[in-house]
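Data first, discussion second: the structure below is written as structure tokens.
Every read-out reported here was derived from the displayed coordinates using simple, explicitly stated rules and does not represent laboratory data. A quick note: this is a predicted structure, and the numbers were derived from the prediction, not measured. Positions of Cβ are generated from backbone atoms using ideal geometry, with glycine treated the same way; all protein chains shown enter the neighbour counts.
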Amino acid sequence: MKILKTIGEYTNAFLDLIYPSKTICYICGGTLEENAKYSLCSNCYNNLPFIPEHHCTKCSTPLRMIEDGPICRQCKDTNYYFDRAISIAEYKKDVKTLIYKLKYSGHTYLATTIGCIMADKLKQEGIETDIIIPVPLYKRKEKERGFNQAILISKYMAEKTNMPLNIDAFIRIKNTKVMHNLSRRERLENVKGAFKVINRGTIANKDVLLVDDIFTTGSTVNSCSKELTDNGAKSVTVLTFARD
Ligand SMILES: [Zn+2]
Ligand SMILES: [Zn+2]
């Protein structure tokens with residue numbers, strides 16, 4: 001039996017169970033103003049730690065005022081296979097809480113908030129790609145968690161932007177270790193050869209938007225980007241909600 005019949009079925013299973021009232025802010029629980037966007041009150045939305053204007057144009061990391069742009073030192077020394085990695089906010093404060101609750105506490109409705117903020121960012125930046133590809137999880141891990149947060153986020157982005165989403169042409173073939181405690185070098189080793197394009201026709205000659213929740217060292221999205229470009233992707237743009 002195929003587990004994921006449609007993307008719709010995939011999300012609805014969780015959403016129905018724990019979707020909170022649509023009139024409260026997903027962060028503070030306060031009453032939403034009538035014109036509130038993303039199910040966040042204006043106070044919580046405005047207090048999100050958005051990426052400041054002075055940031056690396058390649059990986060979005062905030063630059064210190066004394067640092068010249070346009071790219072950070074790390075990007076000068078690294079061979080990235082993606083064109084550019086865009087993030088919405090820094091991985092701290094409420095952004096950290098939102099992602100944690102989404103991934104580990106089963107608050108999957110938060111994917112609507114995150115996905116819609118990310119979709120609006122694409123519109124603001126004038127970015128249109130041919131296809132949205134979420135960073136895949138190893139199948140067993142996805143089964144244990146019950147979902148892949150990158151797919152949930154991508155689903156709402158696809159709905160809002162009308163860009164096509166594909167969740168089965170690109171898979172994770174290695175059960176990679178959790179990365180929190182790994183060094184940069186260990187992270188690179190951990191994700192090397194971890195991803196595989198299994199339907200080249202879906203990827204070749206496409207401008208790809210690769211979506212994930214967090215960009216940390218970039219080793220995961222870079223490994224994905226290598227496999228995607230090796231299989232003919234014209235370009236890869238990375239979009240994550242958070243930049244750690
Ligand atoms: Zn609030
Ligand atoms: Zn950079």
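Numerical summary
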| quantity | calculated |
| --- | --- |
| Whole-number percent relative contact order across the chain, with pairs defined as alpha carbons under 8 Å at least 6 apart | 21 percent |
| Amide proton proximity set for Leu210, modelled H, under 5 Å, gap of 5+ | Ile133, Thr237, Val238, Leu239 |
| Selection from Ile171, Met118, Cys59 lying farthest towards where the dipole of the range 51-243 points positive, charges on Cβ | Ile171 |
| In order through the range 132-145: 3J(HN,Hα) via Karplus (6.51 cos²θ - 1.76 cosθ + 1.60), integer Hz, x for Gly, Pro | 9, 10, x, 5, x, 9, 5, 3, 5, 5, 5, 5, 4, 6 |
| Extension gain from Asp207 to Ser42, taking 0.36 nm per residue of separation minus the Cα-Cα distance | 56.0 nm |
| Residue-averaged [θ]222 nm for the chain, counting only DSSP H segments that reach four residues, each worth -39500 (n - 2.57) | -11000 deg cm²/dmol |
| Residue among Val208, Ser225, Tyr156 farthest towards the positive dipole end of the chain, charges placed on Cβ | Ser225 |
| Volume per residue of the C-alpha convex hull in the range 51-243, rounded to whole Å³ | 117 Å³ |
| Dipole magnitude of the chain, debye to nearest 20 (Cβ charges: Lys/Arg +1, Asp/Glu -1, about Cα centre) | 900 debye |
| FRET efficiency, Glu159 to Ile66 (Cβ-Cβ, R0 51 Å, nearest 0.05) | 0.75 |
| FRET efficiency for Lys143 and Gln74, using Cβ-Cβ distance with R0 set to 35 Å, rounded to 0.05 | 0.50 |
| Point-to-point label distance, Asp120-Glu34, nm (Cα→Cβ direction, 7 Å offset) | 1.9 nm |
| Added length on full extension, which subtracts the Cα-Cα distance from 0.36 nm per residue, Glu189 to Ile24 | 55.1 nm |
| Spin-label zone in the range 189-220 - amide nitrogen under 15 Å from a point set 7 Å from the Cα of Asp130 along the C-beta vector | 199-210 |
